[in-house]
Structures are given as structure tokens and as C-alpha cells.
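Worksheet: one structure, shown below.
The values are calculated or read from the model by the stated rules, or taken from the named source; none is laboratory data. Everything quoted here is computed from the prediction, not taken from an experiment. Cβ placement follows ideal geometry from the backbone for every residue including glycine, while neighbour counts extend to all protein chains displayed.
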Amino acid sequence: MTQEKNFISAKKWSSHSFIEENLFRLRQYCINHYDALRQSAHELRQTQLGTLLTFLMIGVSIALPAGLWAAVHNMKGLTGNLSHNAQISLFLRMNISENEIESLMDVLKSNRSIASSHYISPEEGLKEFSKRIGMQGLEDSLNDNPLPTVITIEPKLVGENDSELEKLTVFLRNLPGVDNATLDFKWLKRLHSLLIIGQRTVYALSVLLGLGVLLVVINAIRYLIQRYHKQIQIYQLVGATFPYIRRPFIYMGLQYGFWGGLLAWVMDNLILLLLTPSVRNLADSYGVPFHTPYLGMLTLWTLLFIGSVLGALGGYWAVNSYLRQQQRA
Amino acid sequence: MINFNAVTKTYANGFPALRQVNFELADGEMAFLTGHSGAGKSTLLKIILLMERCSSGQVIVNHCPLDKIKGRDVAYFRRSIGVILQDPYLLPNSTAHQNVALPLVFAGVRHQDIASRVRAALDKVGLLSKEKMQIETLSQGEQERVSIARAIVHKPKLLLADEPTGNLDPALSAEIMNLFEQFNQMGVTVLIATHDLGLIGHLRHRILTLHQGRMVSTGVRMMTNEASL
């Protein structure tokens, strides 16, 4: 072992003090990393078209799950608002008397599960209906108003607890003077289920496309390694360690991922910019407040981080497998 | 310095490159390794450089059994050896100075020390005036000398050369051999693989001869240098 250390002692060149030596090593370590970063950036600039295509491939691979995530996240936000507005509509018997309505309203007001109730007379209902279907003057053309008196109720119970809402609906349906009670909730439930499917699809896609990013980086780095094959051989011949050889390629992968992440963020925001007017119209039609769903700085940092990590991992994997292959050969 | 003990190397395709090779090279000795093309000269040097591992037998270099050196330590091992190959293996887009500096950069030598040592090495091979020139602009002989400067810049104890004069004219070849002798006189152990018997005929050093992977002669002209005496 002492003999082995004879050549390993080639690492220890100077007889400086311990602190000086370690400071020198730290400085050297930083310089090596800086050089590797600079070298990798130089290489990416050299192969402009190839680099751009790789950036785009990685950008698209990251943009797709990130965009879907943003869409699902925003839809969840929208439906979150809707679930708070879950409504129960009470259709009262035809020819119900004013007194009966008043006593019914009193019962509703005293119920702790009900946040608010709103009375809609048959006349108001018909006016609203004709307005919605765009047939002005419909009420004049009808001899009798076919619509019943309706009371819309906003329950205090919120979206997630739908069995409580079902119970409340049954209770309201059995009140005197009530012909029918409907809970406008099932479609929301379906939407929630769809969103959960969407969310899980995004997760699965993220894993797949993350793997895609990894493969794109590995492929790009392997191509670069082929170009640098002779240089690596020279380095190995004159005593370069594996970490020294690996470093520039890891930085190349990291830069692919970083710029790919940035491109993904820009692409997603552009798509959101294009979609915003249509989504705003949709949200308005449901009376839901809508905020522009751009991907913010936190998302940008997340994408840059994920892209960089995947890129660096891809670079490491590509160069390491090459070096191992060389060692075996 | 180098000890081969019953070393056999058989490649994956079954070709036996070396068969039961035994020889010893003392510290400070200079020797030539000769043989026809395919005799196993390059394989022998590759085994010393750990570019190949032997199939059986034992190789000891600088008192260290090579089979004990793990993959990650190969780089440190190579830093104790100077290598010159027929293809000079130089970075084409770099200057002579940058190429010669490589072993020192990898060894973590201080920047200011690197410059002075590179200049000294280039001076030794007569290329100090061309240190800033790109490798591509240098002649083949000059490239070979840059390669020699790179091999000696980190003051190795052992210098290996594989057909270092293969592409050079006789005058230049003699000049290069002269350089090797000078290094040997400074105490460096030198092993040169060559098939040019005419070139080494007048040099009084041991000649190791390989034939079809076997060491058929290990000491026709024994002459250790003055430094090692």
C-alpha cells in the first residue's frame, strides 16, 4: 500500500502548511469547476443548431407536463370556487300561498346548515329564463306562467362533504310546500373526478417526459463525447481523473436542462397568454372570479431546478457509461 | 523499475499478444523494445500504462504491482509516467504551451509554477520560441517534440515511447533519440518501442526483442547510463 501511495503522492506537490494547502486545493477545485462550466458553455456555442434543437426538445418535454399541471391547477382553483357555491334549488308547489312561503323562509333562515336563501317568484324566473334563451317578451306571449316559485339555497357545508349536502337536500325536499329539491352538485363531482384523472395523467406524463429529458440529454452528450473521444483519450493518457473528464459533460447536461426549463416556462406562458381570453369567458359564464394563470417565478425556479437536475444527471450518466465502457475495453 | 513476470495477454478475440513474457528494467536504465509489427510491443507498453490489463502473470512498475491499482487510481499512476506515442496525441486546437501544461494541470500544480515548468520543458526540446503556436501550425517533428516535452514536464521517473520516430526523417529521428538519451542521463528510466534497428544500432543500450508475443532476447547490448552507475 505504501508503494501505491508513491504515485498517489503525485497529488501532493508542495510542502505548504495544512491550511494553505487546503485553501489552495479549494481554490483549485473552484477553478476546475469554473473552467468546466466555461468549456461546456463554449462547446454549446460551437454547435449552435444542434444545441438549439436540443434546448427545444427539452423545452417541449418540460413544457408539456408543466402546462398541463398549470391547466389542472387552474381548473382546480375554478372548481374550488364553484364548490363553495354549490346550490340547492327548492321548487315549490304550484299555487302555494304567501303565508306558506313566509313560514318556509323562516324555517330555512333558522337552519344552521344554510348560509343563505334567495326567493325567486315565477315572474322573476320567467323573466330570467327568457333573457337567458334570448327571447325577449316571452312572458307576454304566454297566457299562464308555467314556472313554479323557486328558492335557491347556498349551504354552509362545502364541496368535499357531499353526503351532508345529500342529507340536507332530502330534508329540504320533505318540507311542507316543497315539490322538489335538486342539488346542483353532481356535475361538479364529475368535474372533480375528471380533474383527479387529469392530475394523475400529468404526474404520469411528468415521469415519462422527465425520462424523455434524461434520454435527450444522454443522447446529446453521447454525441458530444464522440466528438471529444480523442481529447478524452489524451486527457486519460496524461493523468486526468474521471471527475475531471466528467465535469464539462455534466455542466453541458446541466445547461441543456437549465435553458430547456427556461424555454418551457416561456412556451407555457405564451400558450396561457393565448388561452386566457377564452378561459376568462368560460369562467365569467359560471360567475367565477378568474385571475390570469401565468406561471410565476416560483414555477420558473422549479422548472429551472428540475431541468438542471435532470440535465446534470443525464450528462453524468452518459459520460460515466462511456468511461466505464472505455475501462472495460 | 519495471518487472514482468510470466505475463500473458490474450485479447477478447482470442489473439495471444504476449506469451509468458519475463524481463526486468532497472531504475535509470534505457532499453529498446524491438520486434516486427504485431510482435506485441504496443501491448506491452499498454500494459505498463494500464491501458490494458494482463490476462495472467504479474507486472510491477515502480515497486507497485499493477493488478493492485484500481480503476480510479489509474490516473494518479499515469502521472508518474511520461508517454510518447507514434501519433503524438496532442490537442489540435491548443497551443504547444497548453498541450505541455496538461499533466501539470491534472496534477493540480500552481498556475505560476506551470508556466515556468512548461517553458523549461519546451526549452529542453528546442521549442521555446514556438510555445504560443497552435499545434496544427507545427511540423510533424515539432509536434513529436511537443509530445516529448509533455512527457517530461512533470519529471516522471519512467518514460515510455511507442515508435516515437515512426513518422520522422532519419536526421530528426536521431535528434529525438538524442533527447531520450539526455533524459536517461538525468536518471529517467526509458523504454522505447521501435522497429527501426538502423536507428538504435549505434546506441549502446539493452535491446529487448519480442517475436510473436514471446520475449526472445532481453539483453543483447547491456549498457546502463552513467547516472545509474
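Pairs linking a residue in the stretch A:215-237 that is farther than 15 Å from B:L85 by Cβ to a residue that is of a type in the set (D, E) and buried (at least 17 other Cβ atoms within 10 Å of the Cβ), with Cβ atoms under 9 Å and 6 or more positions apart or on different chains, are A:L224/A:E43; A:R227/A:E43; A:Y228/A:E43.
Against the numbered list (1) surrounded by fewer than 19 Cβ atoms within 10 Å (Cβ to Cβ); (2) more than 14 Å from chain B (Cβ to nearest Cβ); (3) within 30 Å of B:A161 (Cβ to Cβ), A:R227 comes up short only at (2). Looking at A:I197, A:I218, just one residue is at pLDDT 90 or above and either farther than 30 Å from A:Y256 by Cβ or crowded, with 18+ Cβ neighbours inside 10 Å (or both), and that residue is A:I218.
Which residues, counting only those in the stretch A:40-55, are surrounded by fewer than 16 Cβ atoms within 10 Å (Cβ to Cβ) and either part of a helix (DSSP H, G or I) or not polar (S, T, N, Q) (or both)? A:A41, A:H42, A:R45, A:Q46, A:Q48, A:L49, A:G50, A:L52, A:L53 - these are the residues of the stretch A:40-55 that are surrounded by fewer than 16 Cβ atoms within 10 Å (Cβ to Cβ) and either part of a helix (DSSP H, G or I) or not polar (S, T, N, Q) (or both). Just one of the numbered conditions (1) in contact with an Asp or Glu (Cβ under 7 Å, 6 or more places away or on another chain); (2) farther than 20 Å from B:S37 by Cβ is not true of B:Q182: (1). Is it true that B:L179 is closer than 20 Å to B:A96 by Cα and modelled with pLDDT under 90? Answer is yes for this residue. Taken over the stretch B:66-95, residues that are over 16 Å from A:I232 (Cβ atoms) and either among the hydroxyl-bearing types (S, T, Y) or touching a strand residue (DSSP E or B) at 6+ places or on another chain (Cβ under 8 Å) (or both) amount to 10.
Picking from residues in the stretch B:94-113 that are surrounded by fewer than 20 Cβ atoms within 10 Å (Cβ to Cβ) and more than 9 Å from chain A (Cβ to nearest Cβ), the one that is farthest from B:L179 (Cα to Cα) is B:Q112. Taking the criterion of being at pLDDT 75 or above and part of a loop (DSSP other than H, G, I, E, B), the residues of the stretch B:190-224 that qualify are B:T194, B:H195, B:D196, B:R204, B:H205, B:Q212, B:G213. The set of residues from the stretch A:137-185 being loosely packed, with under 13 Cβ neighbours inside 10 Å, modelled with pLDDT under 80 and aliphatic (A, V, I, L, M) comprises just one member, A:L142.
When A:A70, A:A115, A:A86, A:A63 are checked against the criterion of being within 30 Å of A:R200 (Cβ to Cβ) and either touching a Ser or Thr at 6+ places or on another chain (Cβ under 7 Å) or at pLDDT 85 or above (or both), a single residue qualifies: A:A63. Note on the stretch B:25-52: among residues that are in a helix (DSSP H, G or I), within 14 Å of chain A (Cβ to nearest Cβ) and aliphatic (A, V, I, L, M), the one that is nearest to the chain's Cα centre (by Cα) is B:L45. Across the stretch A:270-319, the qualifying residues are those that are assigned to a helix (DSSP H, G or I) and among the polar types (S, T, N, Q), and the one among them that is modelled with the lowest pLDDT is A:S285.
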